[in-house]
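The values are calculated or read from the model by the stated rules, or taken from the named source; none is laboratory data. Just so you know, these numbers come straight off a predicted model, no measurement behind them. Every residue, glycine among them, receives a Cβ derived from its backbone with ideal geometry; neighbour counts consider all protein chains shown.
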Amino acid sequence: MALSHDEVLAGLAEIVNEETGIDTDSVKLEKSFTNDLDIDSISMMTIVVNAEEKFSVKIPDEEVKNLLTVGDAVNFITSAQG
Amino acid sequence: MTHAKLNQFETVKFSKIYSLGASRGRLRVTNDEIAGPIDSSDEWIRQRTGIITRARAAKDQSLMDMAVEASKEAIASAGISPQEIGAVIFSTISHPYQTPSAATLLTELVGANPAPAFDISAACAGYCYGIAQADALVRSGVAKYVLVVGGEKLSDFIEPTDRSISFLLGDGAGAAIVGPSDEAGISPTVWGSDGSHWSSVSMTASLLDFRDGEASWPTLRQDGLTVFKWAVWEMVKVAKEALEVAGIKAEDLSALVTHQANIRIIDELVKQLQLPESVAVARDIVNTGNTSAASVPLAMHQLLKEGAVKSGGLALQIGFGAGLAFAAQVVVLP
């Protein structure tokens, strides 16, 4: 069953926390992965793979560069769930 | 019609690695020395790659010099005569001649002439490809001892302003002698390729483009994130399969020796494989950089030299890189 927008955000925050140690409460929709959360490209790729697994979606490599904010990622995952 | 009965090679049941040899570029190039052209810093490079220095060959130090030094150490440590070597396999992507091969000259220089000799091109997977071939040659009875060398002078093929791979690269050669054994010393190899990602790690242009003035001197480049993703999550599957076909579990390992591509790949592989603390993890990249085909034997040699692992323990070695190509096997440490 497809998860809600809020559920995807909560799940993504857990993945970000596990990879970077950033508090889940800091992972907000408007935050930029690079500028606000200071997540580098390699950590971003790890987050992407873990998100693919957790949400059973496919995030193409070429799409990753378009996921600038947490909100971008949540929107992509939510719609990719169908 | 009947024909005369043919002889075939007598097979041998087991093979093992007898010894290793190592040679690194003489120069220790710091991050500060290379950070300028890529608008970077020591801190950034350490954080992203783990590299503190990379070994690079001096101008008067050739790929062949390093290959000969490493090979002579391996031959001496194995306690064999070079004349007993039945085949020489040289894995390299930086031998500067299309032909003849690097292997035939190496064979001459180490005193193993007239052993059959050939190069293989499997980039960072090349040494593990070579061990797979040596294992097959020994067990099929084709050769008693095989010299396997992974060697690179990658500094001839780098671009100082390239942020994708050049700053990672180092120079060196690692060598191994493979020969017959009373018990299994090299597990079945799990290996393969994925040419659908042929351009993910490649040269910037072909030599023909360079000849025709359509491109500058070809250098290495990579699509780092795609390669990172493949190197971790696909290689985890390969590593697990290698353990399975070897008939062992992760806790049976003394060491994990991966291709030294990037510390972040190594750390993520360790995490994904859930290796127990007791397994020594090779992190030679910190001081040597990424030496492609040389990195696995150099890293294993270093673990043994430091005393982090003992001879007789089991090591999972895994090479992966341009092609894309990969190979993994469990070996008894020499």
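Please determine, by comparing only the residues of the stretch A:56-82 that are in contact (Cβ under 8 Å) with a residue 12 or more places away in the chain and part of a loop (DSSP other than H, G, I, E, B), which one is farthest from the other protein chains (Cβ to nearest Cβ).
A:GLY82
Name the residues in the stretch B:36-53 that are out of contact with any Leu (no Cβ under 8 Å at 6 or more places or on another chain) and either in a loop (DSSP other than H, G, I, E, B) or in contact (Cβ under 8 Å) with a residue 40 or more places away in the chain (or both), would you?
B:PRO37, B:ILE38, B:ASP39, B:SER40, B:SER41, B:ILE45, B:ARG48, B:GLY50, B:ILE52, B:THR53
More than 14 Å from chain A (Cβ to nearest Cβ) and in contact with a Ser or Thr (Cβ under 8 Å, 6 or more places away or on another chain): which single residue out of B:ASP171, B:ASP252 fits that description?
Among B:ASP171, B:ASP252, only B:ASP171 is more than 14 Å from chain A (Cβ to nearest Cβ) and in contact with a Ser or Thr (Cβ under 8 Å, 6 or more places away or on another chain).
Determine, yes or no, whether B:PRO218 is closer than 18 Å to B:ALA322 by Cβ and more than 19 Å from the chain's Cα centre (by Cα). Even if it seems obvious, please write down each step before you answer.
Details: closer than 18 Å to B:ALA322 by Cβ: yes; more than 19 Å from the chain's Cα centre (by Cα): yes.
Against the criterion (closer than 18 Å to B:ALA322 by Cβ and more than 19 Å from the chain's Cα centre (by Cα)), B:PRO218 qualifies.
Let me spell it out: the conditions are (1) surrounded by fewer than 18 Cβ atoms within 10 Å (Cβ to Cβ); (2) part of a loop (DSSP other than H, G, I, E, B), and A:GLU18 meets all of them except one. Which number is the exception?
(2)
So the check is Cβ under 8 Å with 6+ separation or different chains; which pairs have a first residue in the stretch A:29-55 that's within 8 Å of another protein chain (Cβ to nearest Cβ) and a second one that's surrounded by fewer than 16 Cβ atoms within 10 Å (Cβ to Cβ) and part of a helix (DSSP H, G or I)?
Once the first residue is within 8 Å of another protein chain (Cβ to nearest Cβ) and sits in the stretch A:29-55, its partners that are surrounded by fewer than 16 Cβ atoms within 10 Å (Cβ to Cβ) and part of a helix (DSSP H, G or I) give A:ASP40/B:GLN47.
Run down B:SER199, B:SER187 and say which single residue is farther than 30 Å from B:ASP42 by Cα and either of a type in the set (Gly, Ala, Ser) or touching a residue at least 12 places away in the same chain (Cβ under 8 Å) (or both).
Numbers: B:SER199 fails: farther than 30 Å from B:ASP42 by Cα.
Being farther than 30 Å from B:ASP42 by Cα and either of a type in the set (Gly, Ala, Ser) or touching a residue at least 12 places away in the same chain (Cβ under 8 Å) (or both) holds for just one of B:SER199, B:SER187, which is B:SER187.
Has the stretch B:60-67 got any residue that is closer than 14 Å to B:GLY21 by Cα, in contact with a strand residue (DSSP E or B) (Cβ under 8 Å, 6 or more places away or on another chain), at pLDDT 95 or above and of a type in the set (Gly, Ala, Ser)?
Checking the stretch B:60-67: at least one residue is closer than 14 Å to B:GLY21 by Cα, in contact with a strand residue (DSSP E or B) (Cβ under 8 Å, 6 or more places away or on another chain), at pLDDT 95 or above and of a type in the set (Gly, Ala, Ser).
Under the condition of being within 14 Å of another protein chain (Cβ to nearest Cβ) and either touching a strand residue (DSSP E or B) at 6+ places or on another chain (Cβ under 7 Å) or within 19 Å of B:GLN302 (Cα to Cα) (or both), which residue from the stretch B:255-264 is surrounded by the most Cβ atoms within 10 Å (Cβ to Cβ)? Quick ask: steps written out before the conclusion?
From the stretch B:255-264, those within 14 Å of another protein chain (Cβ to nearest Cβ) are B:261-264; that's our starting set.
From what's left, either touching a strand residue (DSSP E or B) at 6+ places or on another chain (Cβ under 7 Å) or within 19 Å of B:GLN302 (Cα to Cα) (or both): B:261-263.
On the way: B:ALA261: 28, B:ASN262: 23, B:ILE263: 17.
Across the stretch B:255-264, the extreme among qualifying residues is B:ALA261.
Can you give me the number of residues within the stretch B:220-249 that are surrounded by fewer than 19 Cβ atoms within 10 Å (Cβ to Cβ), in contact (Cβ under 8 Å) with a residue 60 or more places away in the chain and out of contact with any strand residue (DSSP E or B) (no Cβ under 7 Å at 6 or more places or on another chain)?
2
Within the stretch B:309-319, identify whether any single residue is assigned by TED's automatic domain parsing to the domain that holds B:LEU220, free of Cβ contacts under 8 Å to residues at least 40 places away in the same chain and among the β-branched types (Val, Ile, Thr), and answer yes or no.
No, there is no match, as no residue in the stretch B:309-319 is assigned by TED's automatic domain parsing to the domain that holds B:LEU220, free of Cβ contacts under 8 Å to residues at least 40 places away in the same chain and among the β-branched types (Val, Ile, Thr).
Restricting to the stretch B:225-249, name every residue that is small (Gly, Ala, Ser) and modelled with pLDDT of 95 or more.
If the condition is that a residue be small (Gly, Ala, Ser) and modelled with pLDDT of 95 or more, then B:ALA239, B:ALA242, B:ALA246, B:GLY247 are the ones that fit.
Go through (1) closer than 19 Å to B:LEU169 by Cβ; (2) more than 14 Å from chain A (Cβ to nearest Cβ) and name the single condition B:PHE228 misses.
Answer for B:PHE228: the failing condition is (2).
Just give me the residues in the stretch B:195-212 being within 22 Å of B:TYR97 (Cβ to Cβ) and out of contact with any strand residue (DSSP E or B) (no Cβ under 6 Å at 6 or more places or on another chain), in sequence order.
Result: B:SER202, B:MET203, B:ALA205, B:SER206, B:LEU207, B:LEU208, B:ASP209, B:PHE210, B:ARG211, B:ASP212.
Quick one: which of B:ASP171, B:ASP194 is among the acidic types (Asp, Glu) and assigned by TED's automatic domain parsing to the domain that holds B:THR258?
Every option except B:ASP194 fails the conditions.
Hey, any hits in the stretch B:277-290 for a residue that's over 30 Å from A:VAL64 (Cα atoms) and touching a residue at least 60 places away in the same chain (Cβ under 8 Å)?
Scanning the stretch B:277-290, I find at least one residue that is over 30 Å from A:VAL64 (Cα atoms) and touching a residue at least 60 places away in the same chain (Cβ under 8 Å), so the answer is yes.
Quick one: how many residues across the stretch B:15-29 are polar (S, T, N, Q) and closer than 16 Å to B:SER62 by Cα?
Final tally of qualifying residues: 1.
Would you mind listing the helices (runs of 4 or more DSSP H) fully within the stretch B:248-334 where at least 3 residues are within 12 Å of the chain's Cα centre (by Cα) and of a type outside the set (Val, Ile, Thr)?
By residue number, B:295-306.
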